[in-house]
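The next block holds one structure in the form of structure tokens; read it before the comments.
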Amino acid sequence: MSQNVLIIGASRGIGLEWANQFSSRSDVNLYLTCRTINANLQAFQSKHPTVKIIENIDVSDDQVVENLKNCQLLPKTLDLVIFNSGVLKREPKFSDWTTESLIYQFNINSIGPLRAMRGLENKLNDVNSLSKFFIVSSRMGSISDASGGLYGYRMSKTAVNMAGKAL
């Protein structure tokens with residue numbers, strides 16, 4: 001039986017590697033999201049023509065809830081969702097961060113997964129917890145990681161860890 005797998009934020013890096021890993025499995029129907037398709041995803045799709053790429057998925061905007069709810073490319077149910085979208089703003093010194101930078105990172109890293117979950121909740125099977133919704137976080141989101149710096153990223157990843165726990 002095939003699994004329906006959705007990777008949110010698959011245009012490069014870790015998300016694209018998740019896509020590579022799942023594309024090697026014959027029992028997976030793979031769906032990838034991005035804000036806009038790029039050369040990485042075009043090359044990936046040419047190698048894997050059955051993969052569905054869903055554009056205009058911007059987790060920084062509340063409109064993403066409706067975009068996901070109404071997406072005709074997605075199947076009726078999803079077995080696995082991997083939320084990979086994220087952003088890191090580098091502020092080398094404590095005095096370099098700005099309120100706007102902190103809010104920007106919280107908006108994408110902490111609130112973005114909740115928006116996606118809201119948009120997909122009707123596609124996740126609650127019976128016996130068959131569907132899984134994973135949020136890619138970071139060691140830097142752990143309270144026990146005391147390496148310092150990158151305040152917006154660290155705080156936003158700590159917040160999303162709690163959101164995941166609460167979900």
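The values are calculated or read from the model by the stated rules, or taken from the named source; none is laboratory data. This one's a predicted model, so the numbers in the text were calculated from it and none came from an experiment. We place every Cβ from the backbone using ideal geometry, glycine too, and count neighbours over all the protein chains shown. Side chains are part of the model used for accessible areas, which takes the heavy atoms of the whole protein and leaves out ligands, DNA and RNA. Shrake-Rupley method; radii C 1.70, N 1.55, O 1.52, S 1.80 Å.
For the stretch 42-52, give me each residue that is surrounded by 13 or more Cβ atoms within 10 Å (Cβ to Cβ) and free of Cβ contacts under 8 Å to residues at least 24 places away in the same chain. Before the answer, list the steps.
Filtering the stretch 42-52 for residues surrounded by 13 or more Cβ atoms within 10 Å (Cβ to Cβ) gives 44-45, 48, 51-52.
Listed by number, the residues that qualify are 45, 52.
Go through the stretch 38-57 and give me each residue that's more than 21 Å from residue 69 (Cβ to Cβ) and in a loop (DSSP other than H, G, I, E, B).
38, 48, 49, 50, 51
Looking at (1) more than 19 Å from the chain's Cα centre (by Cα); (2) buried (at least 19 other Cβ atoms within 10 Å of the Cβ); (3) of a type in the set (S, T, N, Q), find the lone condition where residue 84 falls short.
(1)
Which one of 57, 108 is crowded, with 19+ Cβ neighbours inside 10 Å and touching a strand residue (DSSP E or B) at 6+ places or on another chain (Cβ under 6 Å)?
Matching residue, one of 57, 108: 57.
Look at residue 94 and say whether it is within 20 Å of the chain's Cα centre (by Cα) and aromatic (Phe, Trp, Tyr).
When the stated conditions are applied, residue 94 does not pass them.
Which of the residues spanning the stretch 1-22 are closer than 16 Å to residue 45 by Cα, touching a Ser or Thr at 6+ places or on another chain (Cβ under 9 Å) and either open to solvent by 60 Å² or more (accessible area, probe 1.4 Å) or free of Cβ contacts under 8 Å to residues at least 40 places away in the same chain (or both)?
Answer for the stretch 1-22, where residues must be closer than 16 Å to residue 45 by Cα, touching a Ser or Thr at 6+ places or on another chain (Cβ under 9 Å) and either open to solvent by 60 Å² or more (accessible area, probe 1.4 Å) or free of Cβ contacts under 8 Å to residues at least 40 places away in the same chain (or both): just 11.
Give 25, 90, 118 a once-over and let me know the one that is open to solvent by 30 Å² or more (accessible area, probe 1.4 Å), part of a helix (DSSP H, G or I) and out of contact with any Ser or Thr (no Cβ under 8 Å at 6 or more places or on another chain).
Details: 25 fails: part of a helix (DSSP H, G or I); 90 fails: part of a helix (DSSP H, G or I).
Just one listed residue meets the conditions, 118.
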